[in-house]
């Protein structure tokens, strides 16, 4: 199999993973109590997508590689969530961060001994952050953010959550109702800022967890590269390299 066919195959798999990730994520919501609903399938596809992308950036050293792959991920996002100005901005940011991931992966691949762990560890972070930015933009435009802005009060699920906590710890339901009313009264002036606050808060949470997703991506990437070597998609060979030296 020539490198051109391998590159096309990598683009196709990247496109399928991106489409599947954003499509599966479309069915998720933003829980009014706990934040973003976590789905194992979406998380797994996300890890496969970012780790395979970084491996591709290391293998296919062309400036078009991050441009096309970033555009594929961004266009999949736009197809599922709409071609709004904010989403277009997010897709552009993702492409720029894909170039940064490509640069970092290339810097590691140019060393004498190939260290896959270092390639993944350095290359994953920009791409992970780029996708987290897109997820935050989705939160900004989510029905929950619009509901908070329009109704000027916390969702009913929050009251139910407080009632469950009060029932287990305090006892009387009146405590939960009073807490809910007081929270609404305190937060009422700030509900107009709910969309940006929700998006920024979610991004901060994801950013704080980025190290975990990077290391999970490293583990997935090592497994993918092992499969590539087993199927002879890639081969690691040792070659003698001539170097210039200065003699005094």
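Read-outs throughout are calculated quantities, based only on the coordinates presented, and are distinct from any laboratory measurement. Note that this is a predicted model, so its numbers are computed, not measured. All Cβ positions, even for glycine, are placed from backbone atoms using ideal geometry, and neighbour counts span all protein chains on display.
Go ahead and run the numbers for FRET between residue 117 and residue 88, Cβ-Cβ distance against an R0 of 25 Å, rounding to 0.05.
Details: r = 35 Å, r/R0 = 1.40.
The formula returns an efficiency of 0.10 here.
Which order do peptides 128-141, 222-235, 6-19 fall in by mean Cβ count within 10 Å, highest first?
Values: 128-141: 21.6, 222-235: 12.7, 6-19: 16.7.
My ranking of the peptides, most packed first, is 128-141, 6-19, 222-235.
Evaluate the distance, in nm, between pseudo-label points positioned 7 Å from the Cα of residue 61 and of residue 193 along their respective Cα→Cβ axes.
It works out to 4.8 nm between the two label points.
Please compute the length gained on full extension between residue 215 and residue 232, using 0.36 nm multiplied by the number of residues separating them and subtracting their Cα-Cα distance.
On the way: separation 17, 0.36 × 17 = 6.12 nm, distance 2.54 nm.
Taking residue 215 through residue 232 to full extension adds about 3.6 nm, to one decimal.
Quick one: if the Förster radius is 30 Å, what FRET efficiency do residue 141 and residue 11 give, using the C-beta to C-beta distance and rounding to 0.05?
On the way: r = 29 Å, r/R0 = 0.95.
For residue 141 and residue 11, the calculated efficiency is 0.60.
Can you tell me the FRET efficiency between residue 4 and residue 107 if r is taken as the Cβ-Cβ distance and R0 is 35 Å, rounded to the nearest 0.05?
Numbers: r = 25 Å, r/R0 = 0.72.
Working from the Cβ atoms, E equals 0.90.
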